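Working notes, beginning with the structure itself.
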Amino acid sequence: MNNMSVPRAGKPTNRATDTDKYVGQRIRERRIMLGLSQQQMADMIGVTYQQAHKYERGINRISAGRLFEIAQVLNVPVSYFFEGLEDERGEDMGQRQRMCLELARNFSMINNERHQEALSQLARALATAPA
């Protein structure tokens, strides 16, 4: 029997943990906020698209050096990826959070400043309107 395939008590396994998934989620959120595609980010950190995808899904663990590099590319401190970890442990990204990320990404892609301002005013008006 191969001992490598049987996890031992107290020993980490090769499977991603909830922390790896959370860090990957935070990377994805920040990348989307900046309007970057997975391919663009992969190119910026020197990995394949597939590897970047696995990082974001929490499938592959990220080394400390690579996480530092990702933080530099995404213009955040390394601690950003762990903020809220205790509060969010085990929770999946909700539909509302996905919509907010998509809205931020789409807003950042609007090149016309007047259109951005108009959309911002519309959002304020809708937020304060009675239900």
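The values are calculated or read from the model by the stated rules, or taken from the named source; none is laboratory data. In this text the structure is predicted, and so the values were computed from the model without any measurement. Reconstructed Cβ throughout: ideal geometry from the backbone, glycine too, with neighbour counts over all protein chains shown.
Okay, here's what the table says:
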{"read-out": "The stretch 35-58, residues that are of a type outside the set (Val, Ile, Thr), buried (at least 16 other Cβ atoms within 10 Å of the Cβ) and assigned to a loop (DSSP other than H, G, I, E, B)", "value": "Leu36, Gly58"}
{"read-out": "Only one of Arg66, Arg61 that is under 21 Å from Thr19 (Cβ atoms) and not in a helix (DSSP H, G or I)", "value": "Arg61"}
{"read-out": "Answer from Glu83, Glu102 - the residue that is acidic (Asp, Glu), in the same structural domain as Ile27 (by TED's automatic domain parsing) and under 15 Å from the mean Cα position of the chain (by Cα)", "value": "Glu83"}
{"read-out": "Residues that are under 24 Å from Leu103 (Cα atoms) and touching a residue at least 12 places away in the same chain (Cβ under 8 Å), drawn from the stretch 55-75", "value": "Tyr55, Glu56, Arg57, Gly58, Ile70, Val73, Leu74, Asn75"}
{"read-out": "Lone unmet requirement of (1) part of a loop (DSSP other than H, G, I, E, B); (2) of a type in the set (Val, Ile, Thr); (3) closer than 16 Å to Asp20 by Cβ for Ile110", "value": "(3)"}
{"read-out": "All positions within the stretch 98-131 that are over 21 Å from Gln25 (Cα atoms), surrounded by 10 or more Cβ atoms within 10 Å (Cβ to Cβ) and among the small types (Gly, Ala, Ser)", "value": "Ala118, Ser120, Ala123"}
